[in-house]
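The block underneath contains the structure these notes are about, expressed in C-alpha cells.
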Amino acid sequence: YDAEASISGDIITTTLPTIQSYEKGSFYRLMVAKSNNTNLAFKGGSALMKITLSKSIDANYTLRYITLTSLTKQIAGRISINLASERSQYIVSSDGYNGITLADINVDITTEEQSFYIAMPSGIYTDKSLLVTLGYDDGVKEILLSEFSVSRGAIKTVEYNITTENDFTQELTPR
C-alpha cells in the first residue's frame, strides 16, 4: 500500500523502494489495479529479479544483502506505470536512484538452491549495464549481466553456483 500513490487516466504513480526487506518464504512485489467498480484485478506492476544461489564447496558463507545497480539509468524511486500498455511503459522520475538493495538477508548459503527476489522495473537492460552485488561477511561478489529484457509481471533468473573460494571475490564474465 502506498498512501501517496495517484492515478491519472491509465497512469499510476507510486514508489518502487530502493531498500526491500528480505523475509524467508516471501518477497516484495509491486502490484497495481484500476477499476470502475469495487472489483479490482491486480497485475504485476514490476518485474522480478530472481537470484538463485548454491555452492559445491565445503566453506561457510552468509549472504547479507543483494544489490542491483544500473550503470545507465535510474531503477527505483517515484515511478509511473502505464496500465494501458501490456509492455509496461515504466518511467522512473528524474530524481530516482540507480540501485535497489534486498537487505537483512542473513542466510547461510548451502548446497541446496536458494532463491531471492528483488522487485525491479521492467524494460531492456543493455549488455553490462546491470551489476548484481552479493554481500557476504568477508566481502562482495559482483556479477555484470549480459543484455536482457524483462516485462511487467515477469521474472528474470540469474543462477550462480559457488565452486571455488574465488567465486566469492573474483568478477565473473557477463551471463
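The values are calculated or read from the model by the stated rules, or taken from the named source; none is laboratory data. Given the structure is predicted, the values throughout are model-derived calculations rather than measurements. As a convention, Cβ positions derive from the backbone with ideal geometry for all residues, glycine included, and neighbour counts pool all protein chains shown. Protein only, heavy atoms only, side chains kept; ligands, DNA and RNA dropped before computing areas. Shrake-Rupley method; radii C 1.70, N 1.55, O 1.52, S 1.80 Å.
What to note about this one:
- Scanning region 11-58 for residues that are charged (D, E, K, R) and assigned to a strand (DSSP E or B) gives Glu23, Lys43, Lys50, Lys55.
- Test result for Lys43, in contact with a Gly (Cβ under 7 Å, 6 or more places away or on another chain), surrounded by fewer than 20 Cβ atoms within 10 Å (Cβ to Cβ) and over 24 Å from Val132 (Cα atoms): yes
- Every condition in (1) polar (S, T, N, Q); (2) within 28 Å of Thr163 (Cα to Cα); (3) under 12 Å from the mean Cα position of the chain (by Cα) holds for Gln20 except the one numbered (2).
- The residue pairs whose first member lies in region 5-17 and is closer than 20 Å to Asn98 by Cβ, whose second member is assigned to a strand (DSSP E or B) and among the charged types (D, E, K, R), and whose beta carbons are closer than 8 Å, counting only pairs six or more residues apart or on different chains, are Thr13/Arg78; Thr14/Arg78; Thr15/Arg78.
- Restricting attention to region 18-40, the residues being open to solvent by 80 Å² or more (accessible area, probe 1.4 Å), free of Cβ contacts under 8 Å to residues at least 24 places away in the same chain and more than 27 Å from Gln114 (Cβ to Cβ) number 5.
- Selected residue (criterion: surrounded by the fewest Cβ atoms within 10 Å (Cβ to Cβ)) from residues of region 148-166 that are part of a strand (DSSP E or B) and free of Cβ contacts under 8 Å to residues at least 40 places away in the same chain: Ser149
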